[in-house]
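Reading through the structure tokens given below for one structure.
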Amino acid sequence: MSGVLSVTGLRARYGGVEVVHGIDFDVHEGEIVALVGPNGAGKTTVLRGISRTVRTQGTVTLLGVGTHGKDAASVARLGVGHVPQGRGTFADLTVLQNLRLGLLARGRAHRRHGDADLTRMIDMFPVLGEFLSRPAGALSGGQQQMLAIARALLARPRVLLIDEPSLGLAPVTTSMLFRTLRELRSDWGVSVLLAEQNARLSLSIADRAVVLAGGLIVHTGPSAEVAESGELRRAYLGSAAEQAVTR
Amino acid sequence: MTEILQQLVNGLAGGCVYAGLALAVSVVFQGTGLLNFAQGEMAVVAAYAAWSLAAAGWPPVAAIPVVVAGSAALGAVLERVLVRPVEGTSPLALITVTAALLLGLNGLVAVIWGTDPHSWDSPFGASAVRLGDVVLTAQQIGSVAVVAVVMVAVGCFFRFTGLGLRMKAVAINPGSAVLLGIRPGRMLAVGWALAGAVGGVAGLMTAPTVGLSPEMMQGPLLMAFAAAALGGFASPFGSALGGVVLGVLTTMAARYVPALGGDLALVVPFGVIFLVLLVKPSGLFGRAAVVRS
Amino acid sequence: MRKWLLWGVVAVAGIALPYILDDYQTFQIARVTTTALPIASLVLLTGWSGQVSAGQGALFGLGAYTCAIAIVSGGLPWPVAVLLAMVVGLAAGLLLGLPALRLSGMSLGLITLSLAVLFPLLLSRFKDLTGGPFGIQTPPVRTPAGIQLSSAQFLYLVTFVALAAVFALLALLCRGRTGRALDALRLQPAMARTTGVDTRRLSVLVVGMSGAVAALGGALNALVLQSVVPDAYAFTFSLALLTGAVIGGIRSWAGALVGAVFVVYVPQLVSDTVGDTLAGHWTQVGYALVLLLTLYFAPQGLAGLGSRITTKIGERRAHQNFAP
Ligand SMILES: Nc1ncnc2c1ncn2[C@@H]1O[C@H](COP(=O)(O)OP(=O)(O)OP(=O)(O)O)[C@@H](O)[C@H]1O
Ligand SMILES: [Mg+2]
């Protein structure tokens, strides 16, 4: 399998404090990788390092192209989609305008299918279709999350980075979202790196898992293996039973 | 009655020019949250450049597009070269840079073209139309038409083009815009270019009425600021509407309030700015949420 | 400690200067001290409370005209006229400050810029009071009987004492609790509001005080020049003051003095170089250039640059200046 995204020796610091201490991992073609770990482990920072919205050391290559020295916009154009924690929709623009911004971001190869893809996306998230001319800011949290993901997907990224999509979503919505992601990755040829605290959920849809703690990778492996390892769960993820109760 | 109608027409015609400049001010503000103090001086440069071209024998049809394109280029260059180094530092540094531009451009215009005022014949000719007892000069009709066309064009640009949509996206949430491959810096330069072009048109339309002098846009700039305050700085449409309102208000005040004749009409925009900021700083047509720091 | 020593030296030098210089030079440095006042008012306003004024020259002019009119038309003794000017400046500042704190410190910039453009027009409009384009001549200030000083020396010392008093007052004000409240106001207006600082009142008061200080400068300046003319208070002068404040160091009282030297001597220098006709405009271009260069390369101003070289304290301060 070829690595779509490959991260080597990634380090990140805020001010003088290093919070990611040199990590390596790959995301392969068509794969969903769950990045799991406790609060403050550095998941968000890793995603931001890949999309170059924080400064990092180390190398990140995307389809063999290094992102070193590129700004965030160029990395996005290379094919990295990023749905940040807290969604980042354009509140004053309508839902349709938000989606159009996604379409505008796609590479030349995909321009022709723009309208068809938009229709598909609306089929996939019917609520968005209902509210096309509403300001995005007037949507509910879950609807905005769907909008953010749909917008990012419409840019036809090769790798989609998604940060805490389940935050504030009803469990049904989350599983719907995750099912959609699974469908899309084969059709659209997009790999997904999913940062989630809700390990049970993300492990259930991911192919592989990367467990992050204290800015270091403590384990990498098939997600089923991680999900079943009582030790990993207890140490880093909290037990599944607990999560089932809190959710 | 005729008298009032005539004043109303004059006010509307004058107001259109303020609306053009206010639109320019607002286009920059909605993109960056920055009040460009130098917008008026950029328009002065455009007016003088057109005058020089005319003196060199260029016909208006050739000179005007060249000057408008040049104004756009000037706007982009000023933003990229002079404003960019302080971008993202603080609003105070930004506004001080535009104050420096105001001071510098004003000085440069005087140094290059001299301080003697010049009169400039209207490119629309000196004829006039009578509607009943109300007189419309060709200059009034022409400048209103030109400014109206510009406004519609800007409106369409923001509404229907991808570039316009991207600019709005940057204004609303630059962090997310970057994630969609949009370069905020480039959009700011486009905003300044657009504002430069629109302001340039306003300058060209002002020159035949008030004449050419380095100070020619000071009054209109004040009017444009008042208009933008009235309409909401972040709302190009509101600002333009504010310009028309201000034109009428000022003309009426100058005519019917004995103390406010002549130069002193500038008390009106000052009062408008003061009152609007005091009572409803988001502008009468603007929304509060869009005023960014 | 070292700082106090430095200020001590400056104070002694300031008092000694008129005994060393001739009357014309003394007159010149009195122009500097009186110009330092409106620049100090900008340091308070912009550097400490985070609001830009593009119209400090108008408040300066308001003080100048109030003083001149009070003396010539009102027949008041000059010290009373100066006090009156301060009161008028305070009132004008309070009024201008009312709509402030909106649009993140820019609203004051907008209002004051409008005032700067409007003020000269008002002057030529109310000719009966202001003397129109010719302005008003004020009688020279006489040295009180019993003091062995020339009139220029005496007047200079008056301006120097006023400047020293203002510096001391403002520096004290920006030191303690008010200083911290101002920091909060400048750095985090939204937060300041929630932590119980009455930001509205504070910012209005600051604008009022800066109005009073600028007007004091204008009044004393009018006494020094013995005349007021509308051309001296054009809006470009307001921007020149802003330039002086930024060049000197927007948070530095010493910088206000440096800025004043700049604003007083640069126009002369330029007019010596390029001749009188376009001197004003070349000066503007020069101001703009220096202002931009300062903002890019030394946002803490010359005073900050100096103190960074001599002491390390400057480093801490460098980040506070124009950084939000
Ligand atoms: N802007 C910032 N400035 C300083 N430190 C930060 C900043 N953002 C994050 N950190 C620190 O970096 C570390 C990693 O944070 P990060 O947000 O990447 O964690 P996370 O794994 O995404 O956590 P969560 O699950 O809570 O979202 C934390 O210790 C955090 O305190
Ligand atoms: Mg996170």
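Of all residues in the range A:58-86, which are open to solvent by 40 Å² or more (accessible area, probe 1.4 Å) and within 16 Å of ligand 2 (Cβ to nearest atom)? Residues satisfying the conditions are A:Gln85, A:Gly86.
Hey, among B:Glu79, B:Glu3, B:Glu41, which residue is farther than 25 Å from C:Leu108 by Cα and acidic (Asp, Glu)? Even if it seems obvious, please write down each step before you answer.
Working: B:Glu79 fails: farther than 25 Å from C:Leu108 by Cα; B:Glu41 fails: farther than 25 Å from C:Leu108 by Cα.
Answer to the check: B:Glu3.
Taking (1) open to solvent by 30 Å² or more (accessible area, probe 1.4 Å); (2) more than 17 Å from C:Leu45 (Cβ to Cβ); (3) modelled with pLDDT of 90 or more in turn, C:Gln148 satisfies each apart from (3). Checking each residue in the range B:144-177 for being buried (at least 23 other Cβ atoms within 10 Å of the Cβ) and in contact with a Pro (Cβ under 8 Å, 6 or more places away or on another chain) picks out B:Val154, B:Val170, B:Ser176, B:Ala177.
List every residue pair whose Cβ atoms lie under 9 Å apart, where the two residues are 6 or more positions apart in sequence or sit on different chains, the first residue falls within the range A:30-50 and is of a type in the set (Val, Ile, Thr), and the second residue, located anywhere, is near ligand 2 (Cβ under 9 Å from one of its atoms). Pairs found: A:Val36/A:Lys43; A:Val36/A:Ala195; A:Val36/A:Gln197; A:Thr44/A:Gln85; A:Thr44/A:Asp163; A:Thr44/A:Glu164; A:Thr44/A:Ala195; A:Val46/A:Ala195. Residues in the range A:23-57 that are away from ligand 1 (no atom under 11 Å from the Cβ) and more than 30 Å from A:Ser186 (Cβ to Cβ): A:Arg55, A:Thr56, A:Gln57.
Counted as qualifying within the range B:1-104 are the helices (runs of 4 or more DSSP H) with 3 or more residues that are without any contact (Cβ under 8 Å) to a residue 40 or more places away in the chain, namely B:39-55, B:60-77.
Out of curiosity, is A:Ala241 among the aliphatic types (A, V, I, L, M) and either at pLDDT 80 or above or in the same structural domain as A:Met124 (by TED's automatic domain parsing) (or both)?
Values: among the aliphatic types (A, V, I, L, M): yes; either at pLDDT 80 or above or in the same structural domain as A:Met124 (by TED's automatic domain parsing) (or both): no.
So A:Ala241 fails the test.
The set of residues from the range A:159-180 being open to solvent by 30 Å² or more (accessible area, probe 1.4 Å), aliphatic (A, V, I, L, M) and more than 16 Å from ligand 2 (Cβ to nearest atom) comprises A:Ala170, A:Val172, A:Met176. Yes or no: the range C:73-92 includes at least one residue that is within 14 Å of chain B (Cβ to nearest Cβ) and at pLDDT 95 or above. So far as the range C:73-92 goes, yes, one or more of its residues are within 14 Å of chain B (Cβ to nearest Cβ) and at pLDDT 95 or above.
Condition check ((1) away from ligand 2 (no atom under 16 Å from the Cβ); (2) out of contact with any helix residue (DSSP H, G or I) (no Cβ under 9 Å at 6 or more places or on another chain); (3) free of Cβ contacts under 8 Å to residues at least 60 places away in the same chain) across all residues:
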| site | (1), (2), (3) |
| --- | --- |
| A:Ala116 | yes, yes, yes |
| A:Asp123 | yes, no, yes |
| A:Pro157 | yes, no, no |
| A:Arg182 | yes, no, no |
| A:Leu193 | no, no, no |
| A:Leu201 | no, no, yes |
| A:Ser204 | yes, no, yes |
| A:Asp207 | yes, no, no |
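For residues in the range A:34-57 being hydroxyl-bearing (Ser, Thr, Tyr) and within 9 Å of ligand 2 (Cβ to nearest atom), which is nearest to the chain's Cα centre (by Cα)? Spell out the reasoning first.
As a first pass, look at the range A:34-57 and keep what is hydroxyl-bearing (Ser, Thr, Tyr): A:44-45, A:51, A:53, A:56.
When the remaining residues are screened for being within 9 Å of ligand 2 (Cβ to nearest atom), the result is A:44-45.
Working: A:Thr44: 10, A:Thr45: 12 Å.
Across the range A:34-57, the extreme among qualifying residues is A:Thr44.
Of the set (1) outside the structural domain of A:Gly30 (by TED's automatic domain parsing); (2) surrounded by fewer than 21 Cβ atoms within 10 Å (Cβ to Cβ), all apply to A:Met121 but (2). Checked against (1) touching a strand residue (DSSP E or B) at 6+ places or on another chain (Cβ under 6 Å); (2) within 20 Å of A:Leu63 (Cβ to Cβ), A:Leu184 passes all but a single condition, namely (1). Taking the criterion of being within 19 Å of A:Ala209 (Cβ to Cβ), more than 16 Å from ligand 1 (Cβ to nearest atom) and not hydrophobic (A, V, I, L, M, F, W, C), the residues of the range A:141-192 that qualify are A:Ser175, A:Arg179, A:Arg182, A:Arg185, A:Ser191. Looking only at the range C:36-81, residues that are in a helix (DSSP H, G or I), open to solvent by less than 10 Å² (accessible area, probe 1.4 Å) and of a type in the set (Val, Ile, Thr) come to 3 in all.
Could we say that B:Thr115 is open to solvent by 30 Å² or more (accessible area, probe 1.4 Å), within 8 Å of chain C (Cβ to nearest Cβ) and either without any contact (Cβ under 8 Å) to a residue 60 or more places away in the chain or not in a helix (DSSP H, G or I) (or both) here?
Working: open to solvent by 30 Å² or more (accessible area, probe 1.4 Å): yes; within 8 Å of chain C (Cβ to nearest Cβ): yes; either without any contact (Cβ under 8 Å) to a residue 60 or more places away in the chain or not in a helix (DSSP H, G or I) (or both): yes.
Yes.
Which count do you get for residues in the range A:25-53 that are within 14 Å of chain B (Cβ to nearest Cβ) and open to solvent by less than 20 Å² (accessible area, probe 1.4 Å)? Show your work before the answer.
The initial filter retains those residues of the range A:25-53 that are within 14 Å of chain B (Cβ to nearest Cβ), namely A:44, A:47-53.
Checking the rest, the ones that are also open to solvent by less than 20 Å² (accessible area, probe 1.4 Å) come to A:47, A:49-51.
Qualifying residue count for the region: 4.
Of the candidates B:Gly11, B:Gly40, B:Gly15, B:Gly31, the single residue that is surrounded by fewer than 24 Cβ atoms within 10 Å (Cβ to Cβ) and small (Gly, Ala, Ser) is B:Gly11. Would a scan of the range C:114-136 turn up a residue that is open to solvent by 50 Å² or more (accessible area, probe 1.4 Å) and outside any helix (DSSP H, G or I)? Yes: one or more hits. Among the strands (runs of 3 or more DSSP E) confined to the range A:135-233, the ones with at least 3 residues that are within 13 Å of the chain's Cα centre (by Cα) and closer than 20 Å to A:Phe25 by Cα are located at A:159-163, A:191-196. For A:Val20, the criteria (1) open to solvent by 10 Å² or more (accessible area, probe 1.4 Å); (2) within 12 Å of ligand 1 (Cβ to nearest atom); (3) away from every other protein chain (no Cβ under 14 Å) hold in every case but one, which is (1).
Against the test of being within 14 Å of another protein chain (Cβ to nearest Cβ), within 19 Å of A:Thr89 (Cα to Cα) and in a helix (DSSP H, G or I), the options B:Ala224, B:Ala177 yield a single qualifying residue, B:Ala177.
Yes/no per residue for (1) facing chain B (nearest Cβ under 8 Å); (2) within 18 Å of B:Ile172 (Cβ to Cβ); (3) in a loop (DSSP other than H, G, I, E, B):
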residue	(1), (2), (3)
A:Phe90	yes, yes, yes
A:Gln97	yes, yes, no
A:His110	no, no, no
A:Asp115	no, no, no
A:Arg120	no, no, no
A:Leu128	no, no, no
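A:Gly214 passes every criterion in (1) away from ligand 2 (no atom under 16 Å from the Cβ); (2) surrounded by fewer than 17 Cβ atoms within 10 Å (Cβ to Cβ) apart from (1).
Would you kindly identify the helices (runs of 4 or more DSSP H) lying entirely within the range C:222-324 that contain at least 1 residues that are modelled with pLDDT of 90 or more, crowded, with 20+ Cβ neighbours inside 10 Å and touching a Ser or Thr at 6+ places or on another chain (Cβ under 9 Å)? Spell out how you get there, then give the answer.
Numbers: elements: C:235-248, C:253-274, C:279-297, C:301-310, C:313-318.
By residue number, C:235-248, C:253-274, C:279-297.
The values are calculated or read from the model by the stated rules, or taken from the named source; none is laboratory data. Keep in mind that this is a model prediction, so the values were computed, not measured. Here Cβ is always computed from backbone atoms with ideal geometry, including for glycine, and neighbour counts include all displayed protein chains. The protein model used for the area step is the full one, side chains on, heavy atoms only, and it has no ligands, DNA or RNA in it. Shrake-Rupley method; radii C 1.70, N 1.55, O 1.52, S 1.80 Å.
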